[in-house]
Every structure is written in C-alpha cells, then in structure tokens.
Amino acid sequence: MSDQNHIASAFDRDLETIQAQIMKMGGLVEAAINDSARSLENRDEELATKVRENDKAIDGLEELINEETARVIATRAPTASDLRLILSVTKISGNLERIGDYAKNIGKRTTVLSQIPPVNDSAAALRRMAREVEEMLEDALDAYVQRDVDLAKHVIVRDREVDQMYNALFREFLTFMLEDARNITPCMHLHFIAKNIERMGDHVTSIAEQVIYLVTGERPDEDRPKADTTSLTA
C-alpha cells in the first residue's frame, strides 16, 4: 500500500470511529427523551434520577467527539468535502448534548412534581409531545446515516407540529393557573418541561439542517418555519 493510500485508509477509519460515536450518542439521547417523559408520566423518581446520572455519558461522548474531530483536522489535512463532514459531526454532537441537557432538566423537575398532586392529564400530553421529538430525532439520525435530504426536510417540517403542541399546552396551563391558585406551582414546572421539549425539537431540526448542508453544501433558508406563538405580543 502506498503512503497516500495508507493515509486515506487511516482517515476513513477515523471517520468511521467518529460517526459510530455520534450514533451511540444519538441512541443515549433518544433513551433520555423517552425515560424523562416516562418518569414524568409515571411519577417515577428513580427513573428521573437515572436520566440525570446518564447525562454524564452523553457529555463525555461530546467531549470525545470534539477531541477526535480536532485531532483529525490537525493530522489528516482533510479535503473541503471531508472537512464539511467533520464540522457537521461537531455541530450534530453539540445539538445532541443540548437535547440531553433538556432531558436532564425534565428529570430534575419530575422529582419536584412527584411530591405535588398531578394536574389533569398534562404529564401524558407531555409524553406524547416528547415521543414526537424522539421520533423526529430517530429520523434525523437515519437521514444522517443515509445522507437522505428528503427525510431531513421532512423532519424540519414536523417541528411545526411540536410547536403547535407546545402552544396548546401553554394555553392549557395558563387556564389551570387562572382557575385555581394551587395549580400555579405545578403548572409553572409543567410549562418549563413543555418548553424544554419544544427546544429539543429545535435542536433536532438543527441536526436535520446539518444533514442537508452535509449532502448539498447549501444551508437551508434562515427563515425556519416556527409555530410557537407564545412569545408574540399583540
């Protein structure tokens, strides 16, 4: 094998290792979304604690991926297209890490909420919202593996559904708080959880956008469709 081929082979192995780490990280984050929502719905403090503890593994993988990508850039002199792949991996891992943080935050609030009487079936509605985000993440990671632009675009469109679910829950929590002052504390926690899930959807959308950039070299339009209207004023 020539030196050039040897270098190319070593570079390919580096990329395979990094991409395997991304998929492992993605699997941990999918589990964190699912477990945080289940812990909330079932008022399961033990599972909520597990979500918080498992976030360390997600953070550790992001650090490892950052170190590996920096080393590859420094030692392998990647071409423009390979560099685009490496930079996309770094951004995807950053988005995954943030989603993990939001799951951890849900775990923290679940521990508080488990000590308070439940408000209607809000936890079940939040779990449905989280399930939508989890499925979007699964599709975004599949789009990354398959370099599937159409699937990535479909993920971006679905974020509007998550925003609409958040808007509905926001109005519901507001109504509950106005009806009974005792609902204010739990509804504030539930609202923050809903906002965390909505932000998860934004980060999944960012992953899908990175897939499009990776495949086409073009960034999606800056005006991403948003349906979160709770911050708008008349």
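The values are calculated or read from the model by the stated rules, or taken from the named source; none is laboratory data. Since the model is a prediction, treat every value here as computed from it, not as a measurement. Please note: Cβ atoms are built from the backbone with ideal geometry, for glycine as well, and neighbour counts cover all protein chains shown. Heads up: the accessible areas ignore ligands, DNA and RNA and are worked out on the full protein's heavy atoms, side chains in. Shrake-Rupley method; radii C 1.70, N 1.55, O 1.52, S 1.80 Å.
Data overview
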read-out	value
Contacts under 9 angstrom Cβ, first residue in the stretch 58-73 being farther than 21 Å from residue 103 by Cα, partner open to solvent by 40 Å² or more (accessible area, probe 1.4 Å) and part of a helix (DSSP H, G or I), 6 or more apart	66/90; 68/17; 69/87; 69/90; 70/90; 72/82; 73/83; 73/87
Pairs with Cβ under 6 Å, 6+ apart, first in the stretch 124-148 and in contact (Cβ under 8 Å) with a residue 40 or more places away in the chain and under 30 Å from residue 187 (Cβ atoms), second in a helix (DSSP H, G or I) and among the charged types (D, E, K, R)	124/41; 127/41; 134/30; 136/158; 137/30
The listed residue being under 23 Å from residue 125 (Cβ atoms), polar (S, T, N, Q) and open to solvent by less than 70 Å² (accessible area, probe 1.4 Å), out of 39, 93, 88	39
Among residues of the stretch 97-125, those that are open to solvent by 40 Å² or more (accessible area, probe 1.4 Å) and not in a helix (DSSP H, G or I), counted	5
Of all residues making up the stretch 18-47, the number that are more than 22 Å from residue 204 (Cα to Cα) and part of a helix (DSSP H, G or I)	5
Whichever residue in the stretch 183-234 is basic (Lys, Arg) and at pLDDT below 95 and, among such residues, is most open to solvent (accessible area, probe 1.4 Å)	219
Selection from the stretch 135-183 of residues that are within 30 Å of residue 211 (Cα to Cα) and either of a type in the set (Phe, Trp, Tyr) or not in a helix (DSSP H, G or I) (or both)	144, 147, 148, 166
